[in-house]
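Visitor: The structure's right below; bear with me while I get my questions together.
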């Protein structure tokens, strides 16, 4: 009888040990995935910051080369300030979308100033901005990939039990603003 009890306790202890090992492994895996999402978002923010840092140079070049439409420059400056003041991923995305919209309007308006398009400073800044936009696009994709992996993992049984215990919920994907596929409408009235 004692031998059967010892075997039973050994089996129960072994199962508990396996459960603890599984839980710790799953917990650590979720922490790594969460940190991956955080790291990918930090890369998106880095590229947004790079874009925002280019804006004063772009605005000053435009001001110096043409008697430029002041409202467009003011909109860009305001959008830049909103991005710098935004807190949290959702607010940063909304502010970044405003920056994108203002920059798109600027680049459309610039088309009407051939002497500006020909200046070396403007061309260099425009190339740098295009490069930054490409980097932003890549980092947004990487962020969304990390979010997809994280969200799938926390929803999968039995990992969802551990995720629920540590308070992990779905992370939001980066989504562009509605109507982002449409070019801005510029009018010189």
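Visitor: Just checking my list (1) 20.0; (2) 16.3; (3) 17.1 against Kirkwood radius over Cα pairs in Å computed from this structure; which label fits?
Guide: Step by step, Kirkwood radius over Cα pairs in Å for this structure corresponds to label (1).
Visitor: Compute the angle between helix 70-85 and the longest alpha-carbon principal axis of the chain, please, reported from 0 to 90 degrees and rounded to the nearest 10.
Guide: 20 degrees
Visitor: Using 0.36 nm per residue, how much length does the chain from residue 152 to residue 17 gain when fully extended, once their Cα-Cα distance is taken away? All intermediate terms of the calculation are to be shown ahead of the outcome.
Guide: On the way: separation 135, 0.36 × 135 = 48.60 nm, distance 2.65 nm.
Length gained between residue 152 and residue 17: 45.9 nm.
Visitor: In addition: Round to the nearest 10 and give me the degree value, 0 to 90, for the angle of helix 89-110's Cα axis relative to the longest principal axis of the chain.
Guide: Result, in degrees: 20.
Visitor: Given the peptides 161-169, 146-154, 122-130, arrange them by the average over their residues of other C-beta atoms within 10 Å, most packed first. Walk me through the numbers on the way to the answer.
Guide: On the way: 161-169: 13.6, 146-154: 17.6, 122-130: 15.4.
My ranking of the peptides, most packed first, is 146-154, 122-130, 161-169.
Visitor: Provide the packing ranking of 35-44, 82-91, i.e. peptides ordered by the mean count of other C-beta atoms within 10 Å per residue, highest first. Intermediate results must be reported in sequence, preceding the final value.
Guide: Details: 35-44: 17.1, 82-91: 13.8.
In decreasing order of mean packing, 35-44, 82-91 become 35-44, 82-91.
Visitor: Let me ask another. Take residue 138 and residue 28, extend 7 Å from each Cα along the Cα→Cβ direction, and tell me the distance between the two endpoints in nm.
Guide: 3.2 nm
Visitor: To test your reading of the geometry: what angle, between 0 and 90 degrees and rounded to tens, separates the Cα axis of helix 120-155 from the longest principal axis of the chain?
Guide: Approximately 20 degrees, to the nearest 10.
Here, each number is a calculation from the coordinates, and none is a lab measurement. Just so it is clear, the structure is predicted and the values come from calculations on it, not from any experiment. FYI the Cβ positions are ideal-geometry reconstructions off the backbone, even for glycines, and counts take in every protein chain you see.
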